[in-house]
Amino acid sequence: MSTHVKLYIPGPVEVSPATFAAMSQPMMGHRGKGFQDLYAEIQPMLQTLFGTKQQVFLSTSSAWGVMEGSIRNLVKKKVLNCCNGAFSDKWLDVSKRCGKQAEAYQVEWGQPILPEEIDKRLATGEFDAVTFIHNETSTGVLSPLTEIAALKKKYPDVMFITDSVSGFTTLPVNFDELGIDVLLTGSQKAFALPPGLALFTASEAAMARAATIEDRGYYFDFIEFKANGEKSMTPSTPCISLIYGLRHQLKAMFAEGLENRYARHARLNGMVHEWVRKNGFEFFAPEGYRSKSLTCVANNREIDVAAFIGLLKKNHSLIIDGGYGKLKGKTFRISNMGDETDETIGAVIAALDDSLAKL
Ligand SMILES: *Cc1c(COP(=O)(O)O)cnc(C)c1O
């Protein structure tokens, strides 16, 4: 077997042997009691985690499935896509490919999405939906979700669609309190599961909107998710193994305690930040808008990022990310998502020190 190279890229992240073991359960039919019991067992944990009384749905797809699904289910008039990095920029393209009227609120990569800018655009009355990425993984920017969600009160007919794929479970996100319409996430980021499962919840208003929209398709039809969810089932055959893994991870989260989990991520993120400062690097994201899930380091020292990652891999059997798309070599990213501990992030930092010294 080849050496295990540990992943400190911002997704997929490391999956623990215990999680893999939990996934190795015999298969079962997805229309029988066994599956319904599994679904019903995890549902209350998911609702607590999402801070919602609504159902939490399981989609056998990566997050993009539900991102596209949200557009297809909720946009009638025109969608405002808030764009500040690779994932959020792509959402504009996806909206157009779904045949919807779409407009970008574009900011420079590395900058946050600001509520006053959204407000200005929604005030035109042109839009009936807005997409927004809580934690832009490509740039390490955390935008102010609470302040943006507060606009929902002013624009109740606009669907607020939020991707917290890489933010969710590293910090609290309370769906009902925020009052937004869709919150979606994926398995291979902070949940520390293999890829292939997306999770989402939707408001009553979102379900009511979906019911009025034609051409929702089938696979990501919110109404299908709701009807099946009421029977503790999914519209099509789900990734049962991943759902066993999800149950394991949810139990671990509640055993740790959600507050402790959020504090752990803040602390581990702080350890990486300290390394950045100590070594004369800068952050790509401005102060006050920095992700708690990962650190996007600006390569102001102009090190050879590819060589740096090569050393980490060769000598320490771990990898970090060398910059997303146009940021390749200009930044590098270190994830602290998932099951990481003071000890494992401590080891990453020692490896970073060692590799930087050898460049
Ligand atoms: C990873 C990620 C996605 C895309 O997830 P897929 O699993 O590739 O569909 C979307 N948004 C954000 C913010 C992400 O980090």
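The values are calculated or read from the model by the stated rules, or taken from the named source; none is laboratory data. What you see is a predicted model, and the numbers here were worked out from it, not measured in a lab. Every residue, glycine as well, gets a Cβ built from its backbone with ideal geometry; the counts of neighbours run over all protein chains shown. When the accessible area is computed, the model is the full protein with side chains, heavy atoms only, and any ligands, DNA or RNA have been set aside. Shrake-Rupley method; radii C 1.70, N 1.55, O 1.52, S 1.80 Å.
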Note: probe point = Cα of R31 + 7 Å toward Cβ; backbone nitrogen < 16 Å; residues of the stretch 232-246 passing the test are 232-238
Only helical DSSP H runs with n ≥ 4 go in: add -39500 (n - 2.57) per run for the chain, normalise by residue count and round the 222 nm mean residue ellipticity to 500 deg cm²/dmol. -12500 deg cm²/dmol
DSSP beta bridges in the stretch 93-217 [antiparallel fraction, %, rounded to 5]: 45
Given the C-alpha centroids of the stretch 117-134 and the stretch 1-66, what is the distance between them in whole angstrom? 32
With each pseudo-label sitting 7 Å past Cα toward Cβ, what's the E147-H4 distance in nm, one decimal? 4.2
Roughly how big is the stretch 17-254's charge dipole about its Cα centre, with Cβ charges of +1 (Lys, Arg) and -1 (Asp, Glu), in debye to the nearest 20? 500
Peptide ranges 305-315, 345-355 listed from the most packed, as the mean C-beta count within 10 angstrom indicates: 345-355, 305-315
Round to a whole angstrom and tell me the spacing of the C-alpha centers of the stretch 237-295 and the stretch 67-116. 25
Do any chymotrypsin sites (Phe, Trp or Tyr not before Pro) in the stretch 131-233 lie in a loop, going by DSSP, with at most 10 other beta-carbon atoms within 10 Å of their beta carbon, and if so which? Y218
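May I ask you to give the percent of accessible area on the stretch 17-254 that is carbon plus sulfur, with a probe radius of 1.4 Å?
The value for the stretch 17-254 is 54 percent carbon and sulfur by accessible area.
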Test of the criteria: in the stretch 91-177, which GluC sites (Glu not before Pro) are in a DSSP loop and have at most 14 other Cβ atoms within 10 angstrom of their Cβ? E108, E126
In the stretch 99-192, what trypsin sites (Lys or Arg not before Pro) fall in a loop by DSSP, with at most 15 other Cβ atoms inside 10 Å? K154
Describe numerically, in nm with one decimal, the distance between label points set 7 Å from Cα along Cα→Cβ at A21 and at Y218. 4.0
Write down the percent of antiparallel bridges among all DSSP beta bridges whose residues are both part of the chain, to the nearest 5. 50
Projected onto the charge dipole of the stretch 17-254 (+1 at Lys/Arg Cβ, -1 at Asp/Glu Cβ, origin at the Cα centre), which of T48, I161, S95 gives the Cα projection farthest towards the positive end? T48
Helices from the chain with mean Kyte-Doolittle at least -1.0 and a Cα length along the axis of 15 Å or more, per DSSP H: which? 33-50, 63-74, 86-97, 240-256, 305-316, 342-358
